């Protein structure tokens, strides 16, 4: 089974349980992502948790030890981590974090977007663009800005899977195609 499908299934289950039990969804996100950073941030620990040659009982013991050391985790997060250890699926943890965050953003009517410009945008321009995109999408927009001088001017905006390309480079390419087409 593809890692994306596995991660999505675990994330959906965690989210549904948290929603039904009225647990703080953002706290789950923080705890889960914090643990994922801990588990993947240390190369030796990551190798131990993902190595198929290491017995599952030892992986479970490592997870139990880590969950007690990092402080009290919500029971739902602890149970998920132990379940992942028992099923030898800790390697899916970063994908589960992404899938959970996507589900959380969808639940909160938040969409992530990216704008690419040839030169840096001022913070007020980014805020204005995020507000306008929010009105257009009916959601709150978390906008990331990136600079790419190769687009010459204009902007390229990506919201989810949709790209709005208003770059000078693309406009020039389209004009060139229009001028050289045989029609």
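The values are calculated or read from the model by the stated rules, or taken from the named source; none is laboratory data. Since this is a predicted model, take the numbers as computed values, not measurements. Cβ: placed from backbone, ideal geometry, glycine included. Neighbour counts: every protein chain shown.
Listed values, structure above:
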read-out	value
Enumeration of residues in the stretch 136-162 that are over 22 Å from the mean Cα position of the chain (by Cα) and not in a loop (DSSP other than H, G, I, E, B)	136, 149, 150, 151, 155
Which listed residue is modelled with pLDDT of 90 or more and assigned by TED's automatic domain parsing to the domain that holds residue 161, from 114, 31	114
Search result, residues across the stretch 109-128 that are over 8 Å from residue 147 (Cα atoms), surrounded by 12 or more Cβ atoms within 10 Å (Cβ to Cβ) and in contact (Cβ under 8 Å) with a residue 24 or more places away in the chain	110, 111, 112, 113, 114, 115, 121
Which numbered condition residue 52 misses (of (1) more than 20 Å from residue 30 (Cα to Cα); (2) modelled with pLDDT of 90 or more; (3) out of contact with any helix residue (DSSP H, G or I) (no Cβ under 9 Å at 6 or more places or on another chain))	(2)
Matching entry among 87, 47 (being more than 17 Å from residue 17 (Cβ to Cβ) and either out of contact with any strand residue (DSSP E or B) (no Cβ under 9 Å at 6 or more places or on another chain) or assigned by TED's automatic domain parsing to the domain that holds residue 142 (or both))	47
